[in-house]
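Have a look at the structure below, then the notes.
The values are calculated or read from the model by the stated rules, or taken from the named source; none is laboratory data. Since the model is a prediction, treat every value here as computed from it, not as a measurement. So basically every Cβ, Gly included, is an ideal-geometry build from the backbone, and we count neighbours across all protein chains shown. Calculation scope for accessible area: heavy atoms of the full protein, side chains included, ligands and nucleic acids excluded. Shrake-Rupley method; radii C 1.70, N 1.55, O 1.52, S 1.80 Å.
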Amino acid sequence: MFLLLLALQQSVADSSPFRALALPAATPARSASGAPGPRYWQQRADYTLEATLDTATNILRGKGRIYYVNRSPDALEYVWVQLDQNLFAPGSISAVLNQPPLRFAGGVVFDFSGKGFVGGITIDRFAAAGRPLATKVFGTMMRVELPRPLGPNLRITFDIAWHFPIPPYGGGRMGRVGSHFYELGQWYPRMAVYDDVHGWNTLPFLGAGEFYLEFGDFDVSLTVPAGFLVTATGALANPTAIRTPQERARLARAFTSSQVVQVITRQEAIANATRRVPGTQTWRFTASGVRDFAWAAGSGLRWDASTWDGILVQTFYHPDAAPWEEANAMVRFALKHFSGALGQYPWPQVSAVEGLIEGMEYPMVIYCPSLQKREDQYWVLMHELGHQWFPMQVGSDERRYPWMDEGLNTFADYDAAEAFFKGTAYGDTVRRELLGAYAATAVPGTEQPMITKPDEVRQLYWTAYQKPALMLSILREAVVGRNEFDRAFREYTRRWKGKHPQPADFFRTISNATGRDLDWFWRNWIYTTARLDQAVDSVRASWIRPWTRCAPETTRRSCIYRIEPRWSCRSRWSCATPTARWRRATYRSRCGTSGVTSRIGWRARSAWRVR
Ligand SMILES: [Zn+2]
């Protein structure tokens with residue numbers, strides 16, 4: 001009888017696509033509403049570091065202290081530390097696995113092989129209370145044995161020293177040009193995250209998976225050749241020792257003027273590039289409530305500055321990077337836009353640095369290339385700036401869930417692009433590229449679910465960037481409505497600012513705030529590669545008007561049609577597109593005098609058909 005019951009039970013298991021998603025149970029740390037629970041905790045790591053950039057050998061040497069606080073309820077017998085430079089160590093896991101480069105739209109490639117560079121980090125000291133600690137390195141992760149278990153609410157100070165050769169091309173995350181320009185991310189031993197979900201997060205750095213980091217304060221002194229210009233996470237703590245009177249005067253003007261001020265002009269930058277200044281200079285930066293610290297240094301850089309709402313917007317670029325003359329205004333626009341959409345930018349400055357890195361983000365610092373096409377230039381600057389919210393404030397686990405930072409950011413980016421290019425053909429149509437990407441990339445049999453870890457994903461640009469952006473666009477516009485969605489999205493951003501959300505926290509927050517059961521939606525978009533099974537029944541042209549303007553990319557005369565598609569789902573129902581959606585169905589093709597309806601019908605079928 002029991003077996004029969006068991007068999008019956010199995011046979012009636014709910015296989016509906018609308019069944020509840022199997023989310024982890026709520027805990028005192030993570031509530032069922034998606035908010036941090038009453039006993040939410042996370043570790044804290046503060047850093048006081050000193051680093052010297054040796055441009056003769058291209059070696060970076062650092063020393064300092066990590067102040068680590070165990071706020072977990074557990075006693076820790078060891079800690080894990082991230083040594084990302086070991087991506088370039090001989091025989092690294094990444095090299096053995098022969099991790100393929102990441103390829104993005106527009107030919108952007110992140111090659112994690114280091115293009116043959118062999119390096120790696122050397123830990124010269126890792127000590128506590130004057131005693132060296134036992135360590136063991138596993139690729140980019142290092143386990144450090146503690147002298148005695150670190151109980152809840154206890155703290156330990158690590159005394160550290162390290163050095164590594166700076167790669168010319170650091171897998172799209174760091175790099176240098178000769179010995180005169182350096183972009184430095186992942187340059188110091190960083191505490192791995194210990195959390196209530198996975199304990200120690202020890203997935204190695206292989207390239208594609210970015211970072212999961214604790215929040216804390218930084219006090220960093222950087223010694224570089226005199227004559228170098230430096231920018232970094234945080235605010236400059238010794239400006240009177242560093243800035244020239246002219247720079248100080250020009251910076252002050254940036255705070256009183258609505259214009260972009262050239263702190264170092266093109267002519268001055270060109271002159272600085274060949275000027276040799278003997279000795280070194282130490283720049284000290286302090287930052288509070290950040291999860292990482294990055295910097296850039298070099299000679300012969302232009303420097304523009306402006307302010308928005310008291311926040312200093314800085315752009316540093318080479319004299320030959322002409323598109324960057326507009327970069328400061330672009331970053332400032334995006335800063336204002338994101339602050340309005342996602343919550344005020346919380347830090348005193350943001351620096352955009354032009355260089356060899358194709359696009360990378362750190363708190364208050366973004367690295368971007370110079371791009372000829374204005375739309376591309378704005379996109380990369382604005383996208384990296386958007387990361388100041390996801391994940392620099394909302395500190396999700398990038399190594400597991402890139403959709404939670406790249407995806408949420410890319411979704412917000414389309415709004416920022418539409419706002420900047422409002423009223424232009426690009427601004428009016430840019431989001432449609434997501435549909436093209438869907439048609440081209442969401443191919444049955446090859447597409448991977450959004451939940452897949454980034455190191456295992458073949459098409460990361462689709463899976464972690466574009467697909468989540470399309471998913472959230474559809475959720476907002478077609479499922480819950482713009483006002484409800486925006487309210488819920490802002491609530492998620494506010495709840496998890498300075499914290500570590502998991503996917504379930506996002507799902508639960510959106511469902512709780514909108515009052516919608518969205519398990520079916522998340523299941524199909526995130527955990528599967530399910531596709532819509534729809535076909536267009538018929539298309540009726542509601543009006544036709546010759547399009548008088550020539551398309552910029554072609555000299556052909558075009559017509560613009562508004563079409564009213566009707567679709568069916570396995571022939572069980574059909575509906576007309578709501579009038580409000582007509583604009584989405586606007587379709588442009590060559591002008592013709594006859595057979596228009598049938599041609600639209602045929603084109604629309606192929607364009608809309610989704611298998
Ligand atoms: Zn990104």
Cβ neighbours within 10 Å, averaged per peptide: list 319-328, 166-175 in order, most packed at the top. 166-175, 319-328
Where does the Debye-calculated log10 I(q)/I(0) of region 1-124 sit at q = 0.14, 0.15 Å⁻¹, using only Cα point scatterers of equal weight, no solvent? -1.01, -1.04
Rounded to the nearest 10 degrees, what's the angle between the helix 245-256 long axis and the longest principal axis of the chain, both from Cα atoms, 0 to 90? 30 degrees
Ranked from the most accessible area to the least, with a 1.4 Å probe and all protein chains present, what is the order of T429, T256? T256, T429
If you line up the long axis of helix 503-514 against the longest principal axis of the chain, both from Cα atoms, how many degrees apart are they, to the nearest 10? 50 degrees
Using a 10 Å cut-off on Cβ atoms, rank the peptides 228-238, 204-214, 397-407 from the highest mean neighbour count down. 397-407, 204-214, 228-238
Share of alpha-carbon pairs per 10 Å distance bin for region 144-289, given as whole %: 8, 27, 33, 20, 10, 3
Of K115/K497; K63/K373; K373/K497; K453/K499; K453/K497; K115/K499, which pairs sit farther than 30 Å apart, going by alpha carbon to alpha carbon? K115/K497; K63/K373; K373/K497; K115/K499
Any idea which of S92, L342, A25 is furthest toward the positive side of the dipole for the chain, if Lys and Arg beta-carbons carry +1 and Asp and Glu beta-carbons -1? L342
So how compact is region 77-184: Cα radius of gyration and Dmax in angstrom? 16.9, 52
Between the helical axis of 406-420 and the dominant principal axis of the chain, each derived from Cα atoms, what acute angle in degrees is found, rounded to the nearest 10? 80 degrees
If you take the Cα atoms of the chain, find Rg, then find the Kirkwood Rh from the mean of 1/r over all pairs, what is Rg/Rh? 1.00
Where the accessible area of the chain is counted over protein heavy atoms with a 1.4 Å probe, how much of it, in %, is carbon and sulfur? 53 percent
